[in-house]
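Student: Have a look at this one before I ask anything.
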2 protein chains.
Amino acid sequence: MRILVLGGDGYLGWPTAIHLSAAGHQVAVADNFARRGYDEELGVESLVPIRSLDERISAWSDLTGRQLPSYVGDLTDAAFVHTMVREFAPDTIVHFAEQRSAPYSMIDQAHAVYTQSNNVIGNLNVLYAIAEIDPSIHLVKLGTMGEYGTPNIDIEEGWLTVTHKGRTDTVLYPKRPGSFYHLSKVHDSHNIEFACRIWGLRATDLNQGIVYGQETEETSLDPALATRFDYDHVFGTVLNRMAIQAVLGHPLTVYGTGGQTRGLINIVDTVECIRLASEHPADRGEFRVFNQFTESLSVAEIAQTVAAAYPGDCRIENLENPRVELEEHYYRAAHTRLLDLGLVPHLLSDTLIGSLFSIVEHHKHRVKPEAIRPTIRWTSVASELADRT
Amino acid sequence: MRILVLGGDGYLGWPTAIHLSAAGHQVAVADNFARRGYDEELGVESLVPIRSLDERISAWSDLTGRQLPSYVGDLTDAAFVHTMVREFAPDTIVHFAEQRSAPYSMIDQAHAVYTQSNNVIGNLNVLYAIAEIDPSIHLVKLGTMGEYGTPNIDIEEGWLTVTHKGRTDTVLYPKRPGSFYHLSKVHDSHNIEFACRIWGLRATDLNQGIVYGQETEETSLDPALATRFDYDHVFGTVLNRMAIQAVLGHPLTVYGTGGQTRGLINIVDTVECIRLASEHPADRGEFRVFNQFTESLSVAEIAQTVAAAYPGDCRIENLENPRVELEEHYYRAAHTRLLDLGLVPHLLSDTLIGSLFSIVEHHKHRVKPEAIRPTIRWTSVASELADRT
């Protein structure tokens, strides 16, 4: 298949691109390097050094003989999107190219507006390009489990069959997300479902859990193929951040009581899920939703798991929760559809966490400890990172 | 109360502003004249001539002695919104200031993107201004009944209590709207609910039905106070358009079978609903939704009602439906909350339609008949009105 990976220079976009390439697909990547720009803005860097996209692509080509054509541009530029899709003529578009940090979206008004306009408009332009150029292109779109929030009923995969006053319908699963970032993905999902309905597009919306890990079979072939590993409070996600805190001898910071339960997925499974979704496309007109995670843990359980796996001393500290979210809640979310396609999950284990510790150990001199503590509070309209204009 | 009406130069914003002013409130209006710009773009005009905002404000002041301060600017300009809200210091913000035509949003990619970015970002900026300047300001936001789509279960007012696998929750009513415009309002509703949740804002989301009529008690005091009356296929809504077709001796055009059922409301009731919602604010932290319509009719029934009321000959013609929508569907939508606040509805009657006919008769020389037939098809990514670049 010809697969275009949007956001192909990012934490997951890059490992996905080379995983699909290794599987024999013709892959191209697109990026505007916004993620590298956020590093500059926030004054932090990936814990693991990463190469430029050109160097990564050369290293992959040298190692495997496989080419990865690249497109540099912004999805909010409709002409760029149109030209790229027409030129590469993909069978599948995998869309990672969105601002993906909840705290980043909550820095201030400018960051909230940037996140929603960047994500929603970029995605609209992708939908229009597909509809106009080739409506049979399968869109594989990255969403998040955070779109659902924490309802007091079971979370299903995108759709919910409701009986109300004696009548029944299957409706889009009602969502109540927890940040302007998560909201942008809810907006995307509604727009995509509509595009499938009116233009007969085919789409798979992947509501992904929190990804942990840094290596895949392909990235570990050469240091030049490494993907980024974020530990800062804006882009670092919970398990990765805690692994770093353990190695640094810092307390593992839990926001609030830690009763918040979340779906998790290993990066190795993420890239495999994208392959499975791409190789088994949705039908024409179908808006299909998979919940892309493999196990659910509370934040307190994640901290306990990391602490137990770490060979040294490890303390857990409960911080005042910077977010507005329920800390004790029901959580039961379906996630069978990717298993049905053949996913064999790599569950959280001491081995996996141990390998994370050794990655951190190797690069711990690069950590800026002041970048770990959260400073963006949901109840405040402007954080200390707010634009000063 | 001090009430700021955003979009105060529009079809409903203007009559609402002077209705609230007549009720004794201190009212200011804001507009960027985008609606007058769409007329220029589309080469049409309001059937009833309208004065400039300054002339309207002067006429209202001459007639009643009441002042209406005005702000000219764009809600996507955060600094403009912030300065205005700080300066006028409203108790209530009534937000009409969005692109409000479904066909306009479906012209092409550029118009879809404009509609969603204009509406979503403008609304985000209003939320941020309220949160930062005075979170006790009550936001009264215009949504649409079209956000719900046509589910096979009863439509409730914003929230739905669901029992699923033996557990119960009250969730945001799941929505499946029918255009990129309607989607923009769904996005707004999600963003507003979140702002109420994290910042303790208070908001009333008014899911309004299709408005008909052109005169209110206040606008009929002087021709200089008239509001616009749209008959073109982009901005003209169904009942108003059919009244014009009847007077012109054209067939009343029904899209598809006409089995589509919609909630309707008289313009006289719309302005009264805004007054009632403003004078009975939501609680702090409350995201309240009212379905703002007074009766449901199918499009075929609307055509029959107009034809029966018209004294001359009147033919009904079924056109191929330019939209993608169900033409035969279940429709039962709650609308009791505004009645509970004291709304006394003016239902569709021969008298009301008769007064519409006489307005049309008076101005029928201004009609461009070629602007009535629909040319924007939902299944096509670009209509004949698409930007040529």
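The values are calculated or read from the model by the stated rules, or taken from the named source; none is laboratory data. If you're wondering where the values come from, they're calculated on a predicted model, not measured in any experiment. A quick note on method: Cβ atoms are made from the backbone with ideal geometry, for glycine too, and the neighbour counts reach across all protein chains shown. What goes into the accessible areas is simple: the full protein's heavy atoms, side chains included, and nothing from ligands, DNA or RNA. Shrake-Rupley method; radii C 1.70, N 1.55, O 1.52, S 1.80 Å.
Student: Based on DSSP H runs of at least 4 residues, each adding -39500 (n - 2.57), what is the mean residue ellipticity at 222 nm of chain B after dividing by all its residues, to the nearest 500 deg cm²/dmol?
Tutor: -11500 deg cm²/dmol
Student: Still on this model: Compute the signed sum of charges (Lys and Arg +1, Asp and Glu -1) over the other residues within less than 9 Å, Cβ to Cβ, of A:R35.
Tutor: Around A:R35, the surrounding residues sum to 0.
Student: Sticking with this one: Could you point to the residue in A:Q99, A:A79, A:P69 farthest towards the positive end of the range A:44-101's charge dipole, with +1 and -1 charges on the Cβ of Lys/Arg and Asp/Glu respectively?
Tutor: In the range A:44-101, that residue is A:P69.
Student: Would you mind computing, in nm to one decimal, how far apart the modelled labels at A:V344 and A:E217 are, each placed 7 Å from Cα along Cα→Cβ?
Tutor: About 0.9 nm separates the two model spin labels.
Student: Please give the solvent-accessible surface of B:T351 in Å², to the nearest 10, using a probe radius of 1.4 Å with every protein chain present.
Tutor: The accessible area comes out at roughly 110 Å².
Student: Right, here's the next one. Suppose each label sits 7 Å from its Cα in the direction of the beta carbon; what would the B:E55-A:W159 distance come out to in nanometres?
Tutor: Inter-label distance under the simple model: 5.5 nm.
Student: Trypsin sites (Lys or Arg not before Pro) within the range A:257-309: which are DSSP loop residues with at most 14 other Cβ atoms inside 10 Å?
Tutor: A:R284
Student: So, in Å, what gap is there between the alpha-carbon centers of the range A:117-163 and the range B:201-269?
Tutor: Cα centroid of the range A:117-163 versus Cα centroid of the range B:201-269: 33 Å apart.
Student: Tell me the Kirkwood radius of the protein assembly as shown: reciprocal of the mean inverse pair distance over distinct alpha-carbon atoms, in Å.
Tutor: This gives a value of 27.5 Å.
Student: Could you state the number of Å between the C-alpha centres of the range A:1-36 and the range B:30-52?
Tutor: Taking the Cα centre of the range A:1-36 as reference, the centre of the range B:30-52 is 46 Å away.
Student: Between copies, how far apart are the A:D134 label points? List them in nm, one decimal, shortest first, with each point 7 Å from Cα toward Cβ, please?
Tutor: When each copy's label point is compared with this one, the spacings are 5.7 nm.
Student: Tally Lys and Arg at +1 and Asp and Glu at -1 over the other residues with C-beta under 15 Å from the C-beta of A:L338: what net charge comes out?
Tutor: Values: positive: A:K141, A:R275, A:R288, A:R337; negative: A:E156, A:E157, A:D205, A:D269, A:E272, A:E279, A:E295, A:D340.
Summing Lys/Arg as +1 and Asp/Glu as -1 gives -4.
Student: Okay, next question. So how far apart, in nm, are the two label points at B:E286 and B:E384 if each is 7 Å from Cα heading toward Cβ?
Tutor: 5.0 nm
Student: B:K185: which lysines have alpha carbons under 24 Å from its alpha carbon, excluding same-chain residues fewer than 8 sequence positions away?
Tutor: Here the lysines satisfying the reach criterion relative to B:K185 are A:K141, A:K175, A:K185, B:K141, B:K175.
Student: Counting only other residues whose beta carbon sits under 12 Å from that of A:D62, what net charge do I get with K and R as +1, D and E as -1?
Tutor: Local net charge: 0.
Student: Put A:K165, B:K368 in order of accessible area, largest first, 1.4 Å probe: what do you get? Mind dumping the intermediate values first?
Tutor: Values: A:K165 130, B:K368 90 Å².
Putting A:K165, B:K368 in descending order of accessible area: A:K165, B:K368.
Student: If r is the Cβ-Cβ distance from A:D62 to A:K364 and R0 is 35 Å, what FRET efficiency results, to the nearest 0.05?
Tutor: E between A:D62 and A:K364, to the nearest 0.05, is 0.75.
Student: Out of the total accessible area of the range A:130-273 (probe 1.4 Å, heavy atoms of protein only), what percent is carbon and sulfur?
Tutor: Working: 1480 of 3180 Å².
On the range A:130-273, the fraction of accessible area on carbon and sulfur atoms equals 47 percent.
Student: So, R0 is 51 Å and r is the distance between the beta-carbons of B:D134 and A:S296; what FRET efficiency does that work out to, to 0.05?
Tutor: 0.80
Student: In addition: Over the range B:1-143, what is the percentage of antiparallel beta bridges among all DSSP beta bridges, to the nearest 5?
Tutor: 0 percent
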